[in-house]
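A.B. asks: Can you keep this structure in mind? I'll have questions shortly.
The values are calculated or read from the model by the stated rules, or taken from the named source; none is laboratory data. In this text the structure is predicted, and so the values were computed from the model without any measurement. Here the Cβ positions follow ideal geometry from the backbone for every residue, glycine too, while neighbour counts run over all protein chains shown.
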Amino acid sequence: MAKRFISLFRCSLAPHDQVQSEKFHQAVWVERGSLAIGQRLISAGEGTYVAPDERISASTPATFIRFVIGDKDTGSDRPGQSKLLLSNELSLDTSPAILRLDQVTFPAGARAYWHMHPGPGIRYLTCGALQLKSEHHTEIMQPGQAWFEDANSPAQATAQDADTTAFIRAMILPVEFEGKPTFKLLNPEDRDKPALQTNKRFFDQRIEV
């Protein structure tokens, strides 16, 4: 199987600018303004799947993030302003797979106890501050920062002192997780602790990778 990457871009379009997805699968989340994608109008705070060859256009100024599954340099020649935030190679065993886009929201001080997910993905923090712990390091993420988590990588996340902390996440999952949660707690002693974070799933889409 050819090498594949998941790449995250933060993009801005002026009125009448457009982006064509070419041969790549994408997940898009709108930060400000609205986008026309095919016959769909996607407003701020919403996310959607963008199929190969679909066009993304703006009638008003728009800012959005794009998760692209494809070559490492995908998106480098797009119109408007497009900044590559993060790109990681994907280790995939099977195709097709599920491309999932969702949003995870924490109230102040909430914690996602040690856990893992069955597929790799990129997260983008939209508000608040989030302390991330892995087996090797601890880091506090701020709005606009992104990070990659590989499949089955233990992690713990704790919201800091803010009204709300939230991130947008795109993951590549085995097809058996279509429509199903992927959060797997690792320590039995955490099972009775409160899980205060909430999840909003925008879509699950089968793709060939």
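A.B. asks: Within the stretch 151-173, restricting attention to residues that are more than 13 Å from the chain's Cα centre (by Cα), buried (at least 17 other Cβ atoms within 10 Å of the Cβ) and within 18 Å of Asn88 (Cβ to Cβ), which residue is modelled with the highest pLDDT?
C.D. replies: Ala155
A.B. asks: Scan the stretch 21-49 for residues that are at pLDDT below 90 and either farther than 25 Å from Gln145 by Cα or surrounded by fewer than 13 Cβ atoms within 10 Å (Cβ to Cβ) (or both) and report the count.
C.D. replies: Of the residues in that region, 4 qualify.
A.B. asks: With respect to the numbered conditions (1) within 22 Å of Ala129 (Cβ to Cβ); (2) assigned to a helix (DSSP H, G or I), which one is the sole condition not fulfilled by Glu176?
C.D. replies: It fails just one condition, (1).
A.B. asks: Shifting gears a bit: Please determine whether any residue of the stretch 68-79 is touching a Ser or Thr at 6+ places or on another chain (Cβ under 9 Å) and without any contact (Cβ under 8 Å) to a residue 40 or more places away in the chain.
C.D. replies: yes
This table checks each residue for (1) closer than 20 Å to Gln142 by Cβ; (2) of a type in the set (Val, Ile, Thr); (3) modelled with pLDDT of 95 or more; (4) not assigned by TED's automatic domain parsing to the domain that holds Arg55.
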position: Ile69; (1), (2), (3), (4): no, yes, no, no
position: Lys72; (1), (2), (3), (4): no, no, no, no
position: Gly75; (1), (2), (3), (4): no, no, no, no
position: Pro79; (1), (2), (3), (4): no, no, no, no
position: Gln103; (1), (2), (3), (4): yes, no, yes, yes
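A.B. asks: I would also like to ask the following. Just the residues that are within 17 Å of the chain's Cα centre (by Cα), more than 19 Å from Asp161 (Cα to Cα) and in a strand (DSSP E or B), please, taken from the stretch 109-150.
C.D. replies: Met116, Gly121, Ile122, Arg123, Ala146, Trp147, Phe148, Glu149
A.B. asks: Could you list, ordered by first residue, the pairs with Cβ atoms under 9 Å in which the first is in the stretch 179-201 and assigned by TED's automatic domain parsing to the domain that holds Gln103 and in a strand (DSSP E or B) and the second is basic (Lys, Arg) and modelled with pLDDT of 95 or more, at least 6 apart or interchain?
C.D. replies: Every condition considered, the pairs that remain are Arg201/Arg100.
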